[in-house]
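*Asks:* The structure under discussion is supplied below as structure tokens; questions concerning it will follow.
The values are calculated or read from the model by the stated rules, or taken from the named source; none is laboratory data. Just so you know, these numbers come straight off a predicted model, no measurement behind them. With ideal geometry, Cβ positions are generated from the backbone for all residues, glycine too; neighbour counts draw on all protein chains shown.
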Amino acid sequence: MFTGLIREIATVTSFSGSTLTLRAKYKANIGDSIAINGACLTVTQVRNDGFSVELSPESQSVLAMENYKNEVHIEPAMKMGDRFEGHVVQGHVDCIGTIEQIKNNGNSYDVFVSVDTKHIPFVVPKGSITIDGVSLTVNDVQANQFRLTIIPHTMKETLFRNYKKGSKVNVETDMFARYVSHIIAHQKNVDALSWDEVDAISAHF
């Protein structure tokens, strides 16, 4: 699990086949889960100046791979007892979004991101969303896009500073919205438990 708070911007030193190698200050261990541009990946090699992760063909088919060069966001998985900030992020990218517009408001930036309409139900106004691993709040939602407001600090300290109209980004929608939608969609295929069945299950605990 992650929080969507970027801990470091790492440098891509190579990407060959399925192996992505990064130069980073973070000292990883073999088997660690680290979100790279919002996608949860596993550390397979460790060096003095960084580490490598594996991107399966499945991962490469659903991620904005053009962003896995030059620099990437990294966030190590949370540890038990860590301070919880940001929001609950799984590192499971739902879709690729497209930056449609970046509007400079002087003390903030409005960023408009479009996604396939099938993902819009999981984008909640005033809810949380993750863009390339960055935890953000959705301001409003339209038919096929949503608007984010980025403060100058976030724009300066993340790769948002490099985005422009047409840039592709990894999007992880609201986890709870997805879960609720899945449960409701499948309820009609599941018989409700009777009170006797509930009592019988409870008796086993």
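*Asks:* Might you check whether a residue that is modelled with pLDDT under 95 and under 12 Å from the mean Cα position of the chain (by Cα) occurs anywhere in region 37-50?
*Replies:* No, every residue in region 37-50 fails to be modelled with pLDDT under 95 and under 12 Å from the mean Cα position of the chain (by Cα).
*Asks:* Taking V89 as meeting all but one of (1) surrounded by fewer than 13 Cβ atoms within 10 Å (Cβ to Cβ); (2) hydrophobic (A, V, I, L, M, F, W, C); (3) in contact with a Ser or Thr (Cβ under 6 Å, 6 or more places away or on another chain), write down the number of the exception.
*Replies:* (1) is the only condition that V89 fails.
*Asks:* So, G166, is that one modelled with pLDDT of 90 or more and surrounded by 19 or more Cβ atoms within 10 Å (Cβ to Cβ) or not?
*Replies:* no
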